[in-house]
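Written out below as structure tokens is the structure these notes cover.
The values are calculated or read from the model by the stated rules, or taken from the named source; none is laboratory data. A quick note: this is a predicted structure, and the numbers were derived from the prediction, not measured. Methodologically, a virtual Cβ is constructed for each residue, glycine included, from the backbone with ideal geometry; neighbour enumeration extends over all protein chains shown.
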Amino acid sequence: MPLELQVLANEFMTETIRRLVLALPEDAPTYHPGQYLTLHFGDASYPFSIANPPGDDHLELHIAATPNSRDSDHIKQSLNLEPTAIPVSFPLGDCFLAACPEKPVILVAAATGITQMKCLNDWLHAREFAQAIHLYWGVREPTELYLHNELEALARIDGFTYTPVVSDNIRQWSGRTGLVGDAVTHDIQDLNDYLVFVSGSPGMVYGTLDQFIASGFDAKNMRSDVFSYAPR
């Protein structure tokens, strides 16, 4: 049964990415970092990763507009009506952390998959995770790096590295370019020393997994929601 949550904020972070904040009542279900929820608009339901770790009195979502998408248009139209409350189902997903892992961590995100990785990263930092965290964020355009300044600031903390990777319009970008999976395999000598979380489309996740396996990676060390909702 969906839970009706009050809308605290419904605003644009960039021209194409909306920030939606929903109040959590005291009797709301608990969730693990990395889990997601579904928003219900009429008869349709849409999944979104939760961007903030457990412990807050709210849930934060980052919602990107997708060109030529009926689902994206429906979400946009529904949120443009400025609802005061939205039915939500959560917690969902089995790609999460219930305790700090014994291995260092690699977080790999494509586009707004960064929200799930941000949640995991923030939760680990709050628990003073003693091992290394490597965050890789792949986007097409440099303008899609909407959390870039925040993550660069975090990268000044010992034990955390942040590597943005841009695949298109690289003339406007002075950093790493190409595919995000290539950047990971270039930087990390033995991926089996790490627990790896990946968030992106099924094509991106499985492509990254196959690339890692080709370099000697054991697939049991990778976590992704794609493995559950789009098994192959």
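In the range 83-96, the qualifying residues are those that are over 16 Å from the mean Cα position of the chain (by Cα) and part of a loop (DSSP other than H, G, I, E, B), and the one that is surrounded by the most Cβ atoms within 10 Å (Cβ to Cβ) is P83.
The residue list Y136, Y206, Y146 contains one member that is of a type in the set (S, T, Y) and touching a residue at least 60 places away in the same chain (Cβ under 8 Å), which is Y146.
Within the range 60-71, the set of residues being buried (at least 16 other Cβ atoms within 10 Å of the Cβ) and either of a type outside the set (D, E) or assigned to a loop (DSSP other than H, G, I, E, B) (or both) comprises L61, H62, I63, A64.
Between I157, I170, the distinction of being without any contact (Cβ under 8 Å) to a residue 12 or more places away in the chain and assigned by TED's automatic domain parsing to the domain that holds I133 belongs to I170 only. Per the conditions (1) within 24 Å of F12 (Cα to Cα); (2) in a helix (DSSP H, G or I), the sole criterion not satisfied by H125 is (1). Within the range 9-41, the set of residues being touching a strand residue (DSSP E or B) at 6+ places or on another chain (Cβ under 8 Å), among the charged types (D, E, K, R) and either under 22 Å from V198 (Cα atoms) or surrounded by fewer than 19 Cβ atoms within 10 Å (Cβ to Cβ) (or both) comprises E11, R19.
Once the range 54-82 is narrowed to residues that are modelled with pLDDT of 95 or more and of a type in the set (A, V, I, L, M, F, W, C), the residue that is farthest from the chain's Cα centre (by Cα) is L81. Residues that are surrounded by 15 or more Cβ atoms within 10 Å (Cβ to Cβ), within 12 Å of P164 (Cα to Cα) and either more than 10 Å from the chain's Cα centre (by Cα) or not assigned by TED's automatic domain parsing to the domain that holds W173 (or both) within the range 109-143 comprise H134, L135, Y136, G138, V139, P142, T143, listed in sequence order. Tell me whether the range 76-87 contains one or more residues that are in the same structural domain as N221 (by TED's automatic domain parsing) and closer than 22 Å to V21 by Cβ. No: the range 76-87 contains no residue that is in the same structural domain as N221 (by TED's automatic domain parsing) and closer than 22 Å to V21 by Cβ.
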